[in-house]
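The values are calculated or read from the model by the stated rules, or taken from the named source; none is laboratory data. What you are looking at is a predicted structure, and each value in this text was computed from that prediction instead of being measured. Cβ placement follows ideal geometry from the backbone for every residue including glycine, while neighbour counts extend to all protein chains displayed. Areas reflect the complete protein model, heavy atoms only, side chains present, ligands, DNA and RNA absent. Shrake-Rupley method; radii C 1.70, N 1.55, O 1.52, S 1.80 Å.
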There are 2 protein chains.
Amino acid sequence: MKLIRNIALIKNEIKKAKKKNRKIGLVPTMGYLHDGHISLIKRAARECDYVVLSIFINPSQFGPSEDYLRYPKNIKRDLGIAKKAKVDIVFAPSAKIMYKNGHQTCVSVEKLGTCLCGIKRPAHFKGVATVVSKLFNIIEPDIAYFGQKDAQQAIIIDTMVKDLNMPIKLKILPIVREKDGLAMSSRNIYLRKADRANAIILYKSLQQAKRMIASGVKNANTIIHTIRKVIKSTPRAKIDYISIVSSKDLKPVKRLKGKILIALAVYFGKTRLIDNIIITV
Amino acid sequence: MKLIRNIALIKNEIKKAKKKNRKIGLVPTMGYLHDGHISLIKRAARECDYVVLSIFINPSQFGPSEDYLRYPKNIKRDLGIAKKAKVDIVFAPSAKIMYKNGHQTCVSVEKLGTCLCGIKRPAHFKGVATVVSKLFNIIEPDIAYFGQKDAQQAIIIDTMVKDLNMPIKLKILPIVREKDGLAMSSRNIYLRKADRANAIILYKSLQQAKRMIASGVKNANTIIHTIRKVIKSTPRAKIDYISIVSSKDLKPVKRLKGKILIALAVYFGKTRLIDNIIITV
């Protein structure tokens, strides 16, 4: 396994792999790998001949008061995990290498980027779409792998790929959870011990919603109301949003029908956690 | 030569050409071809094994009061010219095919798109960058050819390619002029006979600027003042802008130094003409 930090060098490796007709899989991450990432890497290793793992904490997707500077990192540990999971190349550029002086081009998925998480994080998805475009152009993967945990991100990238006719196939893999149900996230490490225990309320509330829907409830507000009540039973949990939307265009749904996404974001102290489920009604 | 109007079909042709290791050249145009376009096609045919000419009047780069609906077209004549100039494929999709219902992704080169022509045409370069990104992703050319006539467009696309790490080489070819000096443009056909004769004042004013610079004038305002005077000698000419900027970042230059771009836009009636020269001082 190679670790490459430079764009020209990785382009050269990719060129060689393409000449050998290797099918290239890309797993874009911000590092501090957990089992969610590992599930993406393993899937890429099964489906492709050549797996690139990118580790890049992308400054342009963090807001000014967000956790860019303290985002957890441990490249040594990440490299061990990557090697074990059969990554061929880890691409871990610096911010200076990715964003040259004078960088000014951005990719924006306009409507989908302004709802849900886009309300509290107005420039977030523009940063995501831009850096993912750059990674796609650098690595030129056949398939790129993303997690369903970031549901809005997955839909935005899918829309970007289709709208801009990018020659790339996307695979969105299921959320990987801790034993108690908490969705895996590099940010879980921020949680104090008590909050970590309380944080399972997100998953519990979604499971409650699932049961309600299974029992025939179709009114979105009724379900949102219940989720809110469940989460509020944990005093430290501060709800950012709870939304039920179409999984296709993220438009709010009043009466459940078809494939819907229940997405939520909740703060524990300064730590903002997200979770979601997709249900076909 | 093939004419293809469908994205899946052209992608398939490109795939076949790539398998044969063909070097692909793309000449993106809005059709109504003139000698400027032909110079691009011929250069592409010399340097590449496989030449794609795209003809697409891109709605997203026209403002609401601009000439989208009346932009000149003559596909039959264009196909004749393309065939003669050794084009392999003409890609001429409809707007509906290029912009599917719900299309919402855009590419924007933020600072460079807001000066010069970007003042009167605020969404123009966002439309250009977006459609060029799409064409690049559809055709995956090794080299793409553009004309220096659209100097700001050329710099914006160059910046986009670098900022987003697109795996494409750009070639910007010189302006091709009519015998009397008027820069070739599909829009010249809009000019009434008298305006057509008067329109050479753009080129004349740039030549006058060139002579001033050769004689040692370094003050940008002095040169702009002279260009303005020369153009105003033609009463029907209504100046939009005359600017002297760095050819690298389009920032206004006060004292001429290095590679500078003198760019101007002038209306004759409703017809807006642009012209420019690059001079190394």
Relative contact order (%) - criterion: Cα under 8 Å, at least six apart; region: region A:239-281: 38 percent
Per-residue mean of C-beta atoms belonging to partner chains within 10 Å, peptide B:98-110: 6
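Taking only DSSP H segments of four or more residues, each worth -39500 (n - 2.57), what value at 222 nm results for chain B once the sum is divided by all its residues, to the nearest 500 deg cm²/dmol?
-11500 deg cm²/dmol
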Region A:47-105: relative contact order in percent, alpha carbon pairs under 8 Å with at least 6 residues between: 55 percent
Surface accessible to a 1.4 Å probe, residue A:192 within the full protein complex, Å²: 150 Å²
Shortest-first distances to equivalent copies, position residue B:22, nm, label 7 Å out along Cβ: 2.8
Residue with peak Gaussian network fluctuation, chain B [Cα springs, cutoff 10 Å], from B:122, B:64, B:252: B:64
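Averaging sequence separations of C-alpha pairs under 8 Å and six or more residues apart, then dividing by the length of chain B, give the relative contact order as a whole percent.
17 percent
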Of B:194, B:237, B:85, the one that fluctuates the most in a GNM where chain B has Cα springs shorter than 10 Å: B:194
Hypothetical label at residue B:18: residues of region B:150-183 whose amide nitrogen lies under 20 Å (7 Å Cα-Cβ projection): B:161-162, B:164-171
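For the protein assembly as shown, what mean projected area does the convex hull of the alpha carbons give, in nm²?
Working: hull surface 114.0 nm².
Spelled out: convex hull of the Cα atoms, projected over all directions, averaged, 28.5 nm².
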Pairwise label distance in nanometres, residue B:170 with residue B:267, each label 7 Å out on the Cα-Cβ vector: 2.9 nm
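For an R0 of 25 angstrom, estimate the FRET efficiency from the Cβ-Cβ distance between residue B:70 and residue B:194 and round to the nearest 0.05. Don't skip to the end; give the middle numbers.
Values: r = 20 Å, r/R0 = 0.81.
Rounded to the nearest 0.05, the efficiency is 0.80.
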Label geometry 7 Å along the beta-carbon vector: residue A:246 inter-copy distances in nm: 4.7
Reach of residue B:210 by Cα under 23 Å, taken over lysines that are not fewer than 8 positions away in the same chain: B:149, B:179, B:218, B:229, B:232, B:238, B:248, B:251, B:254, B:257, B:259
Linear extension gain, residue B:248 paired with residue B:1, 0.36 nm per residue minus alpha-carbon span: 85.2 nm
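Looking at the protein assembly as shown only, what percent of DSSP beta bridges run antiparallel? Nearest 5 please.
Beta bridges within the protein assembly as shown, antiparallel portion: roughly 55 percent.
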Compactness of region B:186-280 - radius of gyration and Dmax, Cα, Å: 13.3, 39
Residue B:124 - accessible surface, heavy atoms, 1.4 Å probe, Å² rounded to 10: 20 Å²
Taking the convex hull of Cα positions in chain A, its mean projected area over all directions (nm²): 14.8 nm²
Region A:10-83-region A:247-276 distance, computed between alpha-carbon centres (Å): 26 Å
Theoretical FRET efficiency, 1/(1+(r/R0)^6), r = Cβ-Cβ of residue A:180 and residue A:110, R0 30 Å, to 0.05: 0.20
Residue-averaged beta-carbon neighbours from other chains (10 angstrom radius) around B:131-141: 3
Heavy atoms of residue B:247 accessible to a 1.4 Å probe, total area in Å² rounded to 10: 20 Å²
Estimated distance in nm for a label pair at residue A:207 and residue B:97, the labels positioned 7 Å out from Cα along Cα-to-Cβ: 5.2 nm
Average beta-carbon neighbours from other chains, 10 Å sphere, peptide B:151-162: 1
Copies compared at residue B:84 - label distances in nm, ascending, label defined 7 Å from Cα in the Cβ direction: 6.9
